[in-house]
Amino acid sequence: MILQNLMSTSLFLMSLLVLLLDSNPCTALSWRNNSLVDDIGVPCPISPHPFTMCKSEAEAFGYPCEDHKVTTEDGYILSLKRIPHGHDTDNSTGDQKTRQPILLFHGLFVDGVSWLLGTPEQSLGFILADGGFDVWLANTRGTNTSRKHTSLSPKNPAFWDWSWDQIAEYDLPAVLEFVYHHTGRQKVHYIGHSLGTLIILAAFSEHKLLHLVRSAVLLCPIAYLSRTRSDLTRLAAQMFLAEAVYLIGIHEFNPVGKAAAELLAKVCGDPTVDCTDVFSALAGPDCCLNKSTTCAFMLHAPQPTSVRNLIHLSQMVRSDGIRRYDYGNAKENMKHYKMPRPPLYNLSSIPTHVPMLLTHGGQDFLGDVPDTRHLLRTLVRSHDADNIEVQYLPDYAHADFVIAYNAPRLVYEPMVDFFKRH
């Protein structure tokens, strides 16, 4: 009976999670913004190239776009996109050599297209390319354009045997090394959002990649999660939802699979469940999204991740520290780490000379204010004053930093100024 109740609760919570990822955004977001009230029920247009970032986004606006493949040390073949210059820029050899490379690393359930979803005046990737930078867009293992491996198929459970530990250990250095060597051994500016901030912090805490990174911008920095404002996230972690899914043999978390769609239909049929509010319940009420950009976002998202990755994040919600993946018992941990508990990522050990800009929002339920302030106290206390900057936007939630209509003025302009100073 206990197991039955646990599974019932787990399936219910998984359904709620899917609502965030599978709802029609034009309906789901209309309650937050009066300008979207008339959009209720209006479907988003279908993209002719839903998973080809270059064709559907960059080339559609006249930007050059290159598709590179990067193989990680553990065999994953990652798609890495490049916008080498703006669409009105002379593409001469000399011009390319003077352009500083920038790597943009996305968050959970999305890929690199999240940086290109608006117009050239709204999208960070285009703004940076027009601003004189050589723009590179990462796509982590498991996302739609990075589902290949030298020996494993995505149908093989072993393909999904990873968490963000491995993204930090393998994906991040492989991509940074590629950009570094492909651009004349120039150190790379780094921009991460959400999970993309956690992996660079983890690497820096172990004094890795410092020879490759010129500066780092962290949007909605995710590190400590124990005080998250998302009741849904906290409840899922406390109920060991991801662990329950893993135990029944599911290794890939695909938020738009057939089973998820059936669960969604059942839960939304319950009059007590508000299917328009789950996005806000998970990530916070975004202040500044418009229909066109949100629809573009949902046409490319959500994207798969590993269940083990969700387990690792759930462990962080239940813990005050930031540790490597916990295998669940001392014997397995000893096998992997030579200690009964997973080792900590010691963020206080991050070198104080690394230029960093951290930007966070007052309405972000994932990178919530108490946890972010904990991170800031850890970093700012000893960091060189000239090499760390903090920006706080009280009205911003999690997605605003990437697709808000006013992000170019509030977020991207200060970011470009930061890069120019470093």
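The values are calculated or read from the model by the stated rules, or taken from the named source; none is laboratory data. Nothing here was measured: the structure is a model prediction, and the numbers come from that model. Every residue, glycine among them, receives a Cβ derived from its backbone with ideal geometry; neighbour counts consider all protein chains shown. Side chains are part of the model used for accessible areas, which takes the heavy atoms of the whole protein and leaves out ligands, DNA and RNA. Shrake-Rupley method; radii C 1.70, N 1.55, O 1.52, S 1.80 Å.
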- Note on the structure: Log10 I(q)/I(0) at q = 0.09, 0.14, 0.18 Å⁻¹ for segment 286-422, from Debye over equal alpha-carbon scatterers, is -0.39, -0.89, -1.18
- Message: Per residue, how much accessible surface does segment 349-392 expose to a 1.4 Å probe? Answer in Å², no decimals.
- Response: 41
- Measure off 7 Å from each Cα along the Cα-to-Cβ vector at Asp161 and Leu344, then give the distance between these two points in nanometres to one decimal. 3.0
- Item | Rg ratio (alpha-carbon, reference 2.2 N^0.38 Å) - segment 122-224 | 1.14
- Message: Quick query: amide H of Thr71 versus all other amide H atoms, modeled in the peptide plane; which residues come in under 5 Å with a sequence gap of 5 or more or a different chain?
- Response: Leu78
- Each residue of segment 229-236 in order: what ³J(HN,Hα) in whole Hz does its phi give by Karplus 6.51 cos²θ - 1.76 cosθ + 1.60, θ = phi - 60°, with x for Gly and Pro? 7, 7, 4, 5, 5, 5, 5, 4
- Message: If packing is taken as the average number of other Cβ atoms within 10 Å across a peptide's residues, how do 288-296, 379-387 rank, most packed first?
- Response: 288-296, 379-387
- Task: Whenever you get a sec, compute what percent of the accessible area on segment 272-405 sits on carbon and sulfur atoms (1.4 Å probe).
- Result: 54
- Query: Under 5 Å between amide H atoms, partner at least 5 residues away or on a different chain: which partners does Val213 have, H built in plane at 1.01 Å?
  - Reply: Val188
- Determine the sum of side-chain charges near Ile200: Lys and Arg each +1, Asp and Glu each -1, restricted to other residues whose C-beta is under 15 angstrom from that of Ile200. -2
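Can you tell me which of 77-83, 391-397 comes out highest on packing, and rank the rest after it, using the mean Cβ neighbours within 10 Å? Before the final figure, lay out the partial values.
Working: 77-83: 23.0, 391-397: 18.6.
By packing density, highest mean first, the sequence is 77-83, 391-397.
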- Among the listed pairs Lys81/Lys291; Lys148/Lys420; Lys155/Lys187; Lys208/Lys335; Lys69/Lys331, those beyond 31 Å (Cα-Cα): Lys148/Lys420; Lys155/Lys187; Lys69/Lys331
- Ranked by how many other beta carbons lie within 10 Å on average, peptides 306-319, 335-348 from highest: 306-319, 335-348
- Describe numerically, in nm with one decimal, the distance between label points set 7 Å from Cα along Cα→Cβ at Met239 and at Lys331. 3.1
- If you roll a 1.4 Å probe over the heavy atoms of the protein chains, what accessible area per residue do you get for segment 169-215, in Å²? 32
- Query: Expressed in whole Å with the largest first, what are the equivalent ellipsoid semi-axes of segment 279-318 derived from the C-alpha gyration tensor as the square root of 5 times each eigenvalue?
  - Reply: 26, 15, 5
